[in-house]
Amino acid sequence: MQRKDWIGLFGRAKPEELQALAGHLGPMPAPDWLRPPETGSVMVRGRAGGTGAPFNLGEVTATRCALRDGEAEGHAIVQGRDQDHAARAAWLDLLLQGPRAAEVRRVVVEPLAAAEAARRHDRARKAEATRVDFETMVRGED
């Protein structure tokens, strides 16, 4: 898993789920903020059919932050206004770049990834149950 993958995973995680898993690592130390948590808006863009020209869909509230420990930096952006969620995600990003990386992967990243995969599978299963296949019948008017 690359850094962009775990940053995205932390951003998509439910705040209470991330808090519970990160709690197994001990208390978060007082951060040396590069950018304290700040809430603002980001523009969400889409593409018609996933391949068309991009268009602005609308704005979404997001919170971002960045912290430092020595030479390493932790960054996070999460949807919504939860500053604790953003700070915790940045702290975990920072830990994944240091000597505790294996522990953080085992205790936080792997359970989060499994939970997200289960949610996606469940959503896909429910969507598949409502799918309708249309068949075209040929009329003999040729």
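The values are calculated or read from the model by the stated rules, or taken from the named source; none is laboratory data. Remember, predicted model here, so these are calculated numbers, not experimental data. FYI the Cβ positions are ideal-geometry reconstructions off the backbone, even for glycines, and counts take in every protein chain you see.
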**OP:** Give just the number: which of (1) in a helix (DSSP H, G or I); (2) touching a strand residue (DSSP E or B) at 6+ places or on another chain (Cβ under 9 Å); (3) of a type in the set (G, A, S) does G23 not satisfy?
**Re:** (2)
Subject >> Residue pairs meeting the criteria (Cβ under 8 Å; at least 6 apart or on separate chains; first of a type in the set (K, R), in the range 30-47; second modelled with pLDDT under 95 and outside any strand (DSSP E or B)) >> reply: R47/A53
Original post:
When you scan the range 69-78, how many residues do you find that are part of a strand (DSSP E or B) and surrounded by fewer than 15 Cβ atoms within 10 Å (Cβ to Cβ)?
Top reply: 1
Original post:
Is there a residue in the range 10-20 that is part of a strand (DSSP E or B) and among the hydrophobic types (A, V, I, L, M, F, W, C)?
Top reply: no
**OP:** Within the range 49-63, identify whether any single residue is outside any helix (DSSP H, G or I), among the acidic types (D, E) and out of contact with any strand residue (DSSP E or B) (no Cβ under 6 Å at 6 or more places or on another chain), and answer yes or no.
**Re:** no
Subject >> Some residue of the range 121-137 being touching an Asp or Glu at 6+ places or on another chain (Cβ under 9 Å) and either within 30 Å of A30 (Cβ to Cβ) or part of a helix (DSSP H, G or I) (or both) >> reply: no
Subject >> Inter-residue pairs, beta-carbon under 7 Å, first free of Cβ contacts under 8 Å to residues at least 12 places away in the same chain and in the range 1-29, second aliphatic (A, V, I, L, M) and surrounded by fewer than 19 Cβ atoms within 10 Å (Cβ to Cβ), 6+ apart >> reply: none
